[in-house]
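Asks: This is the structure I want to talk about, given as structure tokens.
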Amino acid sequence: MVEEKSLRHMPKKAKELSALEVSRLTRPGNHAAGGVTGLYLYVNEADGRSWVLRTMVGGKRKHLGLGGYPSVTLAQAREKAREAREQIAKGIDPVHGRRLAANALRAQQASRRTFDEVASAYISFQESGWKNAKHRKQWSSTLETYAYPVLGQMSVDAITEHHVIAVLEPIWTEKSETASRLRGRIESILDWARVRGHREGENPARWKGHLDKVFPAQSKIHRVRHFKAMAATATPAFVRQLVGQHGSSALALRFLILTAARSGEVRGAEWAEIDFEQSIWTIPALRMKAKREHRVPLSKAALDVLAVAKSLPRPGKQILIFSNPKGGMLSDMSLIAVMRRMEVEAVPHGFRSTFRDWVGESTQFQSELAEMALAHVLPNKTEAAYRRGDALEKRRALMDAWANHCQSEISHG
């Protein structure tokens with residue numbers, strides 16, 4: 001009799017519903033789904049439908065949410081319910097476990113840092129031990145130009161060797177020394193991030209036994225012969241001497257220096273390209289290396305050169321700003337010849353490098369402005385986004401500062 005009585009008080013096993021039957025449950029209330037004891041589909045006209053597991057945890061009745069329907073299917077709900085019951089059988093509170101996991105996730109997210117954040121912090125901590133401000137500028141410049149476009153906004157713990165290779169590969173052979181230094185800087189930043197708890201595991205930028213299997217050693221790379229450039233500190237004295245040189249070629253060289261333009265762009269410059277009212281030289285795309293129109297803000301010194309060029313006697317209609325005695329385009333050797341007469345080993349194209357070094361080492365102007373002034377094209381999304389405009393007025397301030405530097409010995413006698 002006792003056994004019969006206890007059987008009568010046992011809960012009835014719910015009918016195991018099919019996926020189709022569950023989809024048809026629209027009446028508000030709790031509907032037993034079967035398959036796992038205590039699994040219900042809760043239907044509410046306002047909140048929709050969701051899965052609930054009714055069970056006992058530590059002597060207390062609890063309702064565990066298992067997700068909304070139909071995002072969580074019937075099969076998935078049953079699997080989640082079984083897992084929850086297995087945890088309870090082992091003495092584990094599923095709700096408490098979820099809270100711990102959520103807290104751990106929040107803690108992980110709170111400690112997560114992007115590469116540019118970690119790099120900035122690293123530089124701030126280390127710069128007191130560096131000899132001069134130039135070292136910091138070099139670090140910041142190389143990271144901004146080459147690393148940040150790829151790694152900048154990435155979580156530092158997500159960076160792998162594939163990302164590091166993507167940074168280094170485009171410049172490894174063409175700018176081998178810069179690439180080698182950049183790799184070492186990325187390695188130092190990632191090591192620092194690991195010590196500070198922002199990432200774990202091996203350093204993907206390490207060289208020995210890792211990237212040395214990907215890239216050839218710097219010592220084995222064919223050195224690219226760069227154009228001989230004049231030091232930025234020597235430029236004012238050279239410009240002062242250049243002012244004393246006569247002829248169209250000398251004027252063209254002065255204009256080249258003041259505008260940081262290429263020789264071909266200057267020698268092919270036409271009067272129609274100059275907007276004297278706005279002080280802008282617009283070089284058409286056909287004459288640009290990148291095949292894209294380039295606007296050059298003209299400093300007062302550059303405009304003075306144009307005024308002198310306009311006064312030179314030349315045959316026929318003046319189309320070219322700088323021309324040979326017959327009115328044709330100057331040869332590339334004509335500008336080089338001026339420098340040779342002045343007994344200078346550098347070449348005209350080297351002044352672009354001089355200008356870039358001056359910006360990076362002696363000014364606070366952004367590196368992007370210098371790259372834009374040089375009409376360089378860098379294949380990355382950040383640069384492309386930056387160049388939707390051409391920052392003309394910012395570059396005007398840059399070119400005025402460059403002209404003041406170049407003419408400083410003229411101004412001071």
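Asks: Only sites in a loop by DSSP and with at most 15 other Cβ atoms within 10 Å count here; which trypsin sites (Lys or Arg not before Pro) in the range 39-90 make the cut?
Replies: In loop regions of the range 39-90 (DSSP not H, G, I, E or B), the sparsely surrounded trypsin sites (Lys or Arg not before Pro) are K90.
Asks: A further question follows. So, by mean Cβ neighbours within 10 angstrom, what's the order for 200-206, 253-259 with the highest one leading?
Replies: Going from most to least packed, we get 253-259, 200-206.
Asks: Convert each backbone phi in the range 298-315 into a coupling constant with the Karplus relation 6.51 cos²θ - 1.76 cosθ + 1.60 (shift: θ = phi - 60°), then list the ³J(HN,Hα) values in order as whole Hz, x for Gly and Pro.
Replies: 9, 6, 4, 5, 5, 5, 5, 5, 5, 5, 5, 4, 5, 7, 5, x, 9, x
Asks: A further question follows. What's the FRET efficiency of N404 with S71 using the Cβ-Cβ distance as r and R₀ = 60 Å, to the nearest 0.05?
Replies: On the way: r = 65 Å, r/R0 = 1.09.
Working from the Cβ atoms, E equals 0.40.
Asks: Separate question: Determine, for each peptide in 30-39, 278-287, the mean count of other beta carbons within 10 angstrom over its residues, then list the peptides with the highest first.
Replies: Descending mean neighbour count gives 30-39, 278-287.
Asks: A further question follows. How far apart, in nm, are two points set 7 Å out from the Cα along the Cα-to-Cβ line at K326 and at S124?
Replies: The modelled label-to-label distance comes out at 6.5 nm.
Asks: Within a 10 angstrom radius of the beta carbon, how do E144, E277 rank from fewest other beta carbons to most?
Replies: Fewest-to-most Cβ neighbours within 10 Å comes out as E277, E144.
Only the coordinates and a few stated rules stand behind these numbers; no lab work does. Since the structure is predicted, the reported quantities are computational estimates derived from the model, not experimental observations. Every residue, glycine among them, receives a Cβ derived from its backbone with ideal geometry; neighbour counts consider all protein chains shown.
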